[in-house]
Every structure is written in structure tokens, then in C-alpha cells.
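The values are calculated or read from the model by the stated rules, or taken from the named source; none is laboratory data. Keep in mind that what you see is a predicted model, and the values were worked out from it rather than measured. Positions of Cβ are backbone-derived with ideal geometry, glycine not excepted, and every protein chain shown enters the neighbour counts.
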Amino acid sequence: MKTLHFSFTKTFLVLCLCKNSESFTCNDGYTCFEEENTDVVWVMASGSGSPCSSVCENGLYSTAGYKCKGDQPSHKTIEEFEHVSQGLGINCNSGGCWSGSAGDMAWVSRDLNTNRNCYLPKTSEVYSCSKSSSNANCFGERYDMVCPCEQKAQVPTEAPTNPICEVKADPFLPCKEPFSCWKDNDKDIVWVMGDEIFSDCRGTCQQALDEHSDFYVCKSDEPIDATAVELEPISTGLGFSCKAGGCSFQPDGAVWIDRTQNCDRSCKFPLNTEGNYDCHASVGNANCFGERYTQVCPCNVKALDEACEFSCPDHSAPISKWPKDDDGTSCLESINYWRWKACFDGWPECPPAGLPPIVECTSCHQCANSQSEYDNVHGSHKSFTRCGEFVQGSGGGRTCRDVINAFVSERGEFGGLCKGHCGPIVAPGCTEFHWGRTLNPNNAGFYHYTLNWGNCNTNKCDAHCDSAEAGTINECFPSGIDTPGCSDTPSTNEPTGSPVEPTGSPVEPTGSPVEPTGSPVSKNTDAPTVSAPVMMKVKNVKSEAKSNKNNYSPKLDMFILGLDKIRLTGVDIVLMYNSTKPNGNKIEGELPMITKGKRGKAAFKFPRIKNEKTMDVRVISIEKEGYEYDENTNKKLNGCRVFSSDCPTYTIGPVDNV
């Protein structure tokens, strides 16, 4: 360890005498440590949500300047990280969330204690230069970034040339480090290379080119370049030539380039030569005897409300759009209002190209509802991470707009900056969220709302909803507010361009929501239009019969699907059952249930019976407003449609004795 530096005041700067010919200054708000026998200066940013590319640039001052060291090997354990943490003046403890991992970053809990909770890049071989801790928190604990930094070249150099391959880069600028950019003027595409191993082209295009006044996104319909000949104009523009490499693996929907700075570089091409570039693909930990890769990404300019593409049916729209109603009270309308207003009013969080509209992850809505119900009893954030989220906000209000406005009002606590609960609302680039609320309001008419930011982990949400026991506080349920539907083709009725300056609400928030005055007025005075019902069917049934000594409790899950391909919630099902109890008495009855969850599932649990007995189940009714049940389209089991007139009875059991 050579030096240790702290800088906490606005007037005190620390000067480090480095082994390089030039010294550096550790700027105010940063803690710096120069690692012995390396070119690395470790910088901890106090209160910063910036990525390491910015931390290194802003935390250290020298004539040559500093940049993030993008190939710095990661520290995966507290012991490996110890020399860095001690150099920064802290002792690390393992954090209590996310299995102690910060993905491909290093986070340190934000407090002034010597002992801190540390999260390390356990899932990556190198540190990320482009990601940040943002508003991540573990039960209210927030984090500072720790970043590896190196000095930039003191003499500007031209892009690398090689007299053998005679390739010289033609950079498109500005292009953020550590990325390389080249523009194909014929196609009007900017090709970008140099992403982190777990980054996809969606993030790469936005991060590398976010200093432009145009909004760049990954071009999802660009045909893949499947050979070195096809890639040659791009590789030449980026300053390298392709060569054959070792190992025979082929990426899917991507072109990988080795991460060296050589002119001749190993290139990996996809097996499927007919597809397009996959904007969601990433390199991950793929390597060939230690040779690691970056990918080439096609980026083009799009209008903000045409740029961000999302998958159906997990999201509210295939392309995020501005809201039609500036006065809307939904979460989606309220958040997008403030994203637009932040740029209209010139907030410092607004990038040069602006903020595109956000989209809702509808597949996790019911999971978030269960969080609100649980946290309303046990305290905010007590169910944090249940639905796969990394950043969460919660609050009370009659509508989601009340809660979002209260989040925005926190700008007053940060000198006009959108931090704390406000921060995720103005997150840059194409992003997403999901929300939930309690089933019923309190005596004041307030619901408890949960806002989960930045991801859409459908599998985890489904896993929770499928495992949560019906009737408990962990149960998933619909909120009673229709969440937007998603089709694979964008609606032609959606607005285009930016919204106009609103002339009414929502107004700049001043604090907590206030009691409404007056009575609500219905905007719709016309008689409703009656349309033909949509047919629905039993998509599937699953039974379970687990024995406990000499008897068992039969269970049956039913899944209802509309013929419009929508998995239905709120379907009223009544089943009739009959069997023999363990004491020999006959049992029969009716059991009602309502379908719930994203999968449209109704979970039936019948009385316990003897192992050698069976439970016979029949449908009495399946009803939902606007739908009509058609037994002739039900799932076929053993060649016969379940619960149809041909196969009216479904039998559970018997089971073997334990």
C-alpha cells in the first residue's frame, strides 16, 4: 500500500505523489487508494449513483486524466478484496441481500463507520465501467461505488494501424469509453463495440452514444453479418480485421470479437446465418482458453416514443408510448408525465437526447400486489426482492399519481435534484417498472403502493404466485385496475411524437396528497356497447395426491384461457366432488374458487380421503362476465376433452400407502 487518501470537505484536496511522472488529485467527495505495483487507483464515490466511467473521470484529477480500467479482474470474495478495502480505510462484512453479489460491480454501504457491508462482482470476471448502484438498497441501506481507475495516455494517439492488414479505424464521435464507434453512412447505422460481458446491445447503444442529441437504440431488424467478408466494412471502420480463432462455439444472434487491441482479432459468427442481430444477447462468461469477447452492435436513431421495444405479453406495450392523458392517475401515466416534464423543464437528469417513455411489466403486477399487502402489515420493504426487483419505492395514496407526485416532491430535499425515491422515475434509456397496491384502502382512503424499478423477472413473479397459499397474506391477486394489454403489433391509434405542454393537472407536487374536494363526474354518458362474448376453455388441469400414512388430501389446479389467447383471472368456477372419508362415510359437496395469477389458475383442495379411495370431480359452472364457457374446446386428456359431456368426471387417486 503506497498512499491512503480521504476527501470529505469542499475546500480540502489531497495530492498523491504517484509512481507515474504525473501526480493526481483525489477530488472532494471521493476516497482514493493507489495500489502498489500496479497502474490502478481505486476510487470510492461518496453518495454517487454514477458508473465507474464517470467516477474515475470526476474523482481523480491530472493533466492526462483518468478512466475506468475495463479489464480489471474482479474480486469475488471479501478476502480477495481486503487490500483494496483496507487501502480505502474500511473493513468489509458480507452484505445481507442478493447473496452478497453486486453483479459486475463493487458496492460499499453508505455510512461513516469503519465496518461496512460490501457487495462484490461475483458473477463477472472483470469490473463494469458502465453500470452503477443507482438507487439499489437493502432494507434502506444504500451504497457507494468502488471503481478501478487508470491514467489515460498522456499523448493522444491515433487509432491503431497495422502495416500488414492496413486497417485504420474511422471513429464516430463522441463515443464514450471504453466503447469504439463507427458510422456506416450508407445504412445510417452506428456500429458499437466494447460492451461489458453481461451487457446487451440495447444498453450498449444507449451508453456509448448518450452524449448525442439524437436517441440511439439497437436496430433489432438488422440482418446478421455471418462471415468475415460480410463484416469487413464494419471491422475495418472499427480498426481491426477478423481472423479464425480457436474453439468451435458459435453465438446466437450476435458477432463476437476478442477483447484484445490487436489489428487481427478472433471473430465468432452465428450458426444461423438468416436471422437478425439479437438486441437482448450478451457474451456472458464465454471464453476460449482465457480469450474473452465483446460483441458488435448495430445502433440507429429513433424518436423517443418509437425507440424502446419490449416483449409481449410480459409488458404493457411492445413499444413504449407517451400517455394519451396528461391528467391520468395510473402509475404508467404519472411516471411518463414526469419523465417528459423533466426534459421539458431542463432537469439536470435529462440526457441530451431526452428520456423515452417507460413501460410497465404487467406480468409481475399481481406479485407486487402481494408485496403491498404484506408490507402494509409488516412494514415497507419487508417483502423486498420477492418479485425479483433490485430497486423499490413504497408510499401511500388514493391513487398511484399521489404516490409518484410525493416521490417527485423529494427533489426539494436534494437541492432540486431527483434523488432518493425520485431517482428511478428519471432513469435514462429504455427502462421498465411494475407496481402493486393493497386490495383495500385504509380508513382515510389510502392504499399502500409498491413500485419496483428496472427489471421484469416474470419467472420469479410466477414462481411466487404459484407457490403462495390461497387465503394468506402472501397470495397474489388482481388489483381491480385493468393493466394495459400487450400485442405483438403496436396500435396505430397510439400518439406519436412528444406530448404537448399540459394545461391542467398534474401540477408540481408540494408534499403529501391532499383530501379531494367535490364529487367525481362521469365522463361517459353514452350507453355501453354490447358485444358478443368471447369463448373460454379449460386450458389444463393438474392434480396432486400426496399420502400421509393411510390417507391423502386431493388437490386440483385448473387453468382457464380465453380463445383470444388471454389467460383469465376472476373466473368463477364451481366443482362438485364425491368420495369416501377415512372413517368410511360417503362425502360429497360443491367447492367454489376464482382463478388468480398471471396463469389464470384456480387451486382446489378437497377433503382428506383414504389412500385406496378416489376423488371424482365434475364441473357445475365456469362463469366470467363477457365470456362464455365452451367445453368442446377444453384440453384433451387421454384422447378425451376434460370436463366435456364425453368425459364429465376427472378422477384423482388412488395413491400407494407410505
State whether one or more residues within region 404-426 are under 12 Å from residue 370 (Cα atoms) and of a type outside the set (Val, Ile, Thr).
no
So which residues in region 360-402 are aliphatic (A, V, I, L, M) and either at pLDDT 95 or above or assigned to a loop (DSSP other than H, G, I, E, B) (or both), if there are any at all?
368
Evaluation of residue 113 against (1) out of contact with any Gly (no Cβ under 8 Å at 6 or more places or on another chain); (2) at pLDDT 85 or above (one fails), failing number:
(2)
Go through 422, 430 for me and flag whichever is surrounded by 20 or more Cβ atoms within 10 Å (Cβ to Cβ), at negative phi, outside any loop (DSSP other than H, G, I, E, B) and under 19 Å from the mean Cα position of the chain (by Cα).
422
Quick check: anything in region 109-117 farther than 27 Å from residue 425 by Cα, surrounded by 17 or more Cβ atoms within 10 Å (Cβ to Cβ) and touching a Phe, Trp or Tyr at 6+ places or on another chain (Cβ under 8 Å)?
no
So which residues in region 617-629 are surrounded by fewer than 16 Cβ atoms within 10 Å (Cβ to Cβ) and touching a residue at least 24 places away in the same chain (Cβ under 8 Å)?
618, 620, 621, 623, 626, 628
Looking only at region 296-304, decide whether some residue is crowded, with 24+ Cβ neighbours inside 10 Å and either part of a loop (DSSP other than H, G, I, E, B) or modelled with pLDDT under 95 (or both).
no
Let me confirm something: among 652, 587, 609, 594, which residue is surrounded by fewer than 19 Cβ atoms within 10 Å (Cβ to Cβ), β-branched (Val, Ile, Thr) and either touching a Pro at 6+ places or on another chain (Cβ under 9 Å) or modelled with pLDDT under 80 (or both)?
587
Candidates 345, 325, 305, filtered to the one that is farther than 25 Å from residue 419 by Cα and among the acidic types (Asp, Glu)
325
Matching option when the condition is in a strand (DSSP E or B) and hydroxyl-bearing (Ser, Thr, Tyr), among 266, 235:
266
Are any of the residues in region 573-595 in contact with a strand residue (DSSP E or B) (Cβ under 9 Å, 6 or more places away or on another chain), in contact (Cβ under 8 Å) with a residue 40 or more places away in the chain and in a loop (DSSP other than H, G, I, E, B)?
no
Within region 94-117, of all residues that are more than 16 Å from residue 43 (Cβ to Cβ) and in a strand (DSSP E or B), the one nearest to the chain's Cα centre (by Cα) is 101
One residue from 96, 59, 89 being over 27 Å from residue 286 (Cα atoms), buried (at least 22 other Cβ atoms within 10 Å of the Cβ) and not aliphatic (A, V, I, L, M):
59
Taking the residues in region 343-377 that are of a type in the set (A, V, I, L, M, F, W, C) and more than 21 Å from residue 434 (Cα to Cα) as candidates, determine which candidate is surrounded by the fewest Cβ atoms within 10 Å (Cβ to Cβ).
344
So, in region 439-470, of the ones that are among the polar types (S, T, N, Q) and surrounded by fewer than 23 Cβ atoms within 10 Å (Cβ to Cβ), which residue ends up farthest from residue 347 (Cα to Cα)?
467
Scan of region 266-287 for residues that are farther than 18 Å from residue 202 by Cβ, modelled with pLDDT of 90 or more and of a type in the set (Gly, Ala, Ser), ordered by number
266
Can you tell me which residue among 308, 331, 297, 312 is closer than 25 Å to residue 257 by Cβ and not charged (D, E, K, R)?
297
Write out, first by first residue and then by second, each pair whose Cβ atoms fall under 7 Å of each other, whose residues are 6+ apart or on separate chains, and whose first residue, in region 336-350, is among the aliphatic types (A, V, I, L, M) while the second is surrounded by 18 or more Cβ atoms within 10 Å (Cβ to Cβ) and not in a loop (DSSP other than H, G, I, E, B).
342/426
